[in-house]
Amino acid sequence: MIARMWHGRVTTSNAQAYREFLNARAIPDYRSVEGNTSVHILERTDGEVTHFVTLTFWRDLDCIKAFAGEDPEVAKYYPEDNDFLLEFEPRVLHYEVVGHA
């Protein structure tokens, strides 16, 4: 299993709207791809900036490619992200899951 982790920042005043967008649009998109086993959205507010981490779990790299494209380390963005994100980090991180309970 592979964990895929993406990070984004929004203004705290936009955090609730971005959270709603992620739940309505991004999570269903991830879940629609065969081999996605779960999606977790993490949120942390730091003053005027709120950080979001999307942590997804995948059966294998081919499943990630079906979601993200041929280069699975390139971050995937939605058009709506332009309304929220303070910057667009170009890459995501992948970790092999070596322990699980």
With +1 on each Lys and Arg Cβ and -1 on each Asp and Glu Cβ, and nothing else charged, work out how big the dipole of segment 2-96 is about its Cα centre, in Debye to the nearest 20.
220
Sparse-neighbour loop sites [GluC sites (Glu not before Pro); segment 1-85; at most 14 other C-beta within 10 Å; DSSP]:
Glu34, Glu48, Glu70, Glu73
Stretched fully, the stretch from Val97 through Glu20 gains (0.36 nm per residue minus C-alpha distance, one decimal, in nm) 24.9 nm
Give me the number: length gained by fully extending Glu80 to Val53, i.e. 0.36 nm times residue separation minus the C-alpha to C-alpha distance, one decimal in nm.
8.0 nm
Return the calculated 222 nm mean residue ellipticity for the chain, to the nearest 500 deg cm²/dmol, obtained by summing -39500 (n - 2.57) across DSSP H runs with n ≥ 4 and dividing by the residue count.
-5000 deg cm²/dmol
In whole Hz, what ³J(HN,Hα) sequence does segment 83-94 give by Karplus (6.51, -1.76, 1.60; θ = phi - 60°), x for Gly and Pro?
7, 10, 6, 7, 7, 10, 5, x, 10, 10, 10, 10
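No lab work stands behind these numbers, since they all come straight from the coordinates. Quick caveat, the model's predicted, so the values are computed rather than measured. Please note: Cβ atoms are built from the backbone with ideal geometry, for glycine as well, and neighbour counts cover all protein chains shown.
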